[in-house]
Structures are given as C-alpha cells and as structure tokens.
Ligand code: ADP
C-alpha cells in the first residue's frame, strides 16, 4: 500500500475548473494515465464530481476556491470558459500553472477580442462590429445587409446569447445592453455546412491535429459530428488544419483548441469561434482515434509528448443524446437494453444529468466504413435513447418539429 501511495504521489495531479461532462470524460482519461483528476464543481451532483474522489466545491469565479483547487496541481485547466480574466490574471501572476494561460483563453471567452485578433492575423472572419447602442446594429445592417447576427460577446454557449435579426430590433438591443450584456453584431454567413478543426498544443510547442469534422447544429447547439467531414478535399482539410495550428501557436494555446468554422463554398471557410478545452465536436475521438481529445488534453497540459491523432476507422459519427421535450415513459435502463440489442457496435456515454428538454445528457459514437450507414445508426441509437422512439431525423430527438434546414434557419 505504501509503495502504491508513493507511485501515485509521483504522478501529477491536474485540476479542472468545472464539473460537467467534459471534466467527467477527462477524469476517465486521467484514470488510464494513473492519475486522479481534481475538479472544482458547483455541486456534488455534477457529472464529474460523481466520478472523481478529488472534488473541491465552489464557484468558478471564487479566487479562494481556485487556489484550493490549484494547491499541489501540476496544471490547472478548464471544462468551460466561465472564469473571468479578473480572477485568472492574478492567479497566473501568483504562479498558478493555468493551461491555457489567460492571455490565450481570453480569445475563447470574448468573441469581440477573438474577432479582432483573428482579423488582425488576416484570417477569414464574418464582417463584425462592436455594439454600444441599438443604432450601431441598424447601421451595420444597412451597411452589410440583413439578416445580421447579434451575439453576447461573453457568457453565451450552445446558442444561448445568439440572436438572428432580419431587421432592426432596437427594443431587443436596448434591453440587452441595459441588462449589462456586452454585444457584437456580425453578418449572417450563408454557409453550406459547419466544420470544426481540433488541435492540441503543449508548452514545449508540440502540436497535433485531428481530421477536420462536419458538425450539424440544431437550434444553435451541436447535434451530430461526422469524421472526417464528408467530401472535404484533402488539400482543403490540410489548409484548415494549418489554420487551426497557426491560431494555436500565435495565441499561445496550451491543451486542446477547437476552431468552429462555416464552409461558404468548397474549401472556403470563415472562422466562427474558438474553444480552448475538449469540445463536443471531438467526442468521436474516444473510440475513433488512437488518442482521445481528453487524454490528449491531459498530455498537452502536462507537457507530455502528444499521442497519435490517427483515426482508427474510415468513418466515425457521434450523435448527441438530447433531453426530450417529454420524458419518455420507458426508463433509461430499459432504453439501453433495446439500444444495445439493436446496435451492439454503438458506444454509449451518459453523463448522469437529468433530461431537461434539449439538454445534452449523453452521446453515441458509431464507427464504420459507409458514411450514410454509420450516420443512420448513430442517429437512430441517440434518438432512441432520448425519446424511446426509433425515428429518423433530428425532430425525433427533441420532439421539436423545426428542422435545422428549415427556411427559418437554425433557430
Ligand atoms: P455559442 O457560443 O453559443 O456556441 P456560436 O457563436 O457558436 O454560439 O453560434 C451558435 C450557432 O449559431 C452556430 O453554430 C451557427 O449555427 C449559428 N451562427 C452563429 N453565428 C453565425 C453567423 N455569423 N452566420 C450564420 N450562422 C451563425
């Protein structure tokens, strides 16, 4: 027992701010590396707090809780962007090993800072402007054309904090500004689809990129991911990977970074946003790549050599299990029995979250050769787990009749 304790003491401890499903899956990867992930969770019932014995309870903007999390950690990292810079910067100055550093993370926290930096780097971003008044939005729409997209520069996620405006809406803008929501406005990008490029970077400067994936959003949140992005020309894919690696290097990212992109024409992309943590678009890597994004994130923040990002199958599809509009009468245990019986190849991950409508409560990954077949199986399995009905299409998953491709757009 003493020798085991000595061995464990010799292995590093990583602290993660946030107790959601990303921390939960990172904790699973930590176990394989002989580590225990320490999490800062808001409640003992959080998905990650349920699976690691090393939990600090507290809020992500509480400097004392963050210092407690950091004590004895080789690296402190994040499962969300919710720690304000005013809290992060003093911690970094006091020597807390924040990975990524606040100077990089700010580009995932503040969409205006990110848009300015990427456009200064000469990278393709939508036309955008800061919003200080309702007139700013009207003037932007007159200059660049309607519709426009109004965004909270900070604090939004899964489409919360994004508003599509077909015409000036001074009341909405004024209300948001009055409530203290910092805003930007940008052009609505006509796109063929959404893509995502995930990379990892270590303090040493080693970097690795996974295949570029296609993401499908429903109501502004990720519903399905296909790897590799179907039909994406290999040269275009390589250029997108280089773009992501360049952003990671120039911003000084440490750990995982995902670049969310809009494809506007074959091979043409504009950057939507950055995430500096494991990302929903990379869940397929758990089964679909030699190294999962969660293991890679740990390796990167600890400055271990990075793992191979090679895919292990020609196609991987990940479909999210979203809380249904109405909780099915059949319980999850029984739903799992039927799911496994019909799709023995499906890999199911459940996050121990209650199934509020449209909430991400789990995901399913299927690997294979034929993209249409793999996609159909992943969607059927995820839709079944969500709603206890075997039905095609995304409306079946949420009970929401709107389609992501409806003329009304994604929301
Ligand atoms: P969040 O930070 O909440 O994920 P995003 O900025 O990623 O918000 O926007 C959510 C979704 O809204 C995107 O995935 C995309 O489908 C849509 N969207 C966002 N910005 C634009 C835009 N400029 N043009 C068209 N669609 C957009």
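Since every read-out is calculated from the coordinates, none of them should be taken as a lab result. What you see is a predicted model, and the numbers here were worked out from it, not measured in a lab. Every residue, glycine as well, gets a Cβ built from its backbone with ideal geometry; the counts of neighbours run over all protein chains shown.
Would you mind checking segment 109-133 for residues with the amide N under 20 Å from a putative spin-label position 7 Å along Cα→C-beta of residue 146? Residues 127-133 fall inside that zone.
Given 0.36 nm per residue, what is the gain on full extension from residue 139 to residue 352 after removing their alpha carbon distance, in nm?
Values: separation 213, 0.36 × 213 = 76.68 nm, distance 4.62 nm.
Length gained between residue 139 and residue 352: 72.1 nm.
Using the Cβ-Cβ distance between residue 373 and residue 304 with R0 set to 41 Å, the FRET efficiency from 1/(1 + (r/R0)^6) comes to roughly 0.65. Taking each residue as 0.36 nm, the span from residue 68 to residue 341 lengthens on full extension beyond its C-alpha to C-alpha distance by 93.7 nm. Annotation: the residues 195, 256, sorted from fewest to most other C-beta atoms within 10 Å of their own C-beta, follow the order 195, 256. If I take every Cα pair under 8 Å that is 6 or more residues apart in segment 29-128, average their sequence separation and divide by the length, what percent do I get for the relative contact order? Relative CO of segment 29-128 lands at 16 percent.
Exposure proxy shown here: for 279, 337, 363, 349, the number of other Cβ atoms within 10 Å sets the order, fewest to most, as 337, 349, 279, 363.
Here the extension length gained between residue 31 and residue 239 equals 71.4 nm, from 0.36 nm per residue of separation less the Cα-Cα distance.
At a 10 angstrom cut-off on C-beta neighbours, averaged per residue, how do the peptides 298-309, 145-156 rank from highest to lowest?
On the way: 298-309: 20.1, 145-156: 17.7.
Output ranking for 298-309, 145-156: 298-309, 145-156.
With contacts taken as Cα pairs under 8 Å at a separation of at least 6 residues, segment 111-268 carries a relative contact order of 22 percent. Based on DSSP H segments of at least four residues, each scored -39500 (n - 2.57), the chain has a per-residue ellipticity at 222 nm of -10000 deg cm²/dmol. The mean sequence separation of alpha-carbon pairs under 8 Å and at least six residues apart, normalised by the residue count of segment 246-367, gives a relative contact order of 21 percent.
Each label was represented as a point 7 Å from its Cα along the Cα-to-Cβ direction; for residue 42 and residue 334 these points are 3.3 nm apart.
Using a 10 Å cut-off around each Cβ, can you sort 115, 246, 377 from fewest to most neighbouring Cβ atoms? Each step should come with its number before you reach the end.
On the way: 115 25, 246 15, 377 21.
Taking fewest neighbouring Cβ atoms as first place, the list is 246, 377, 115.
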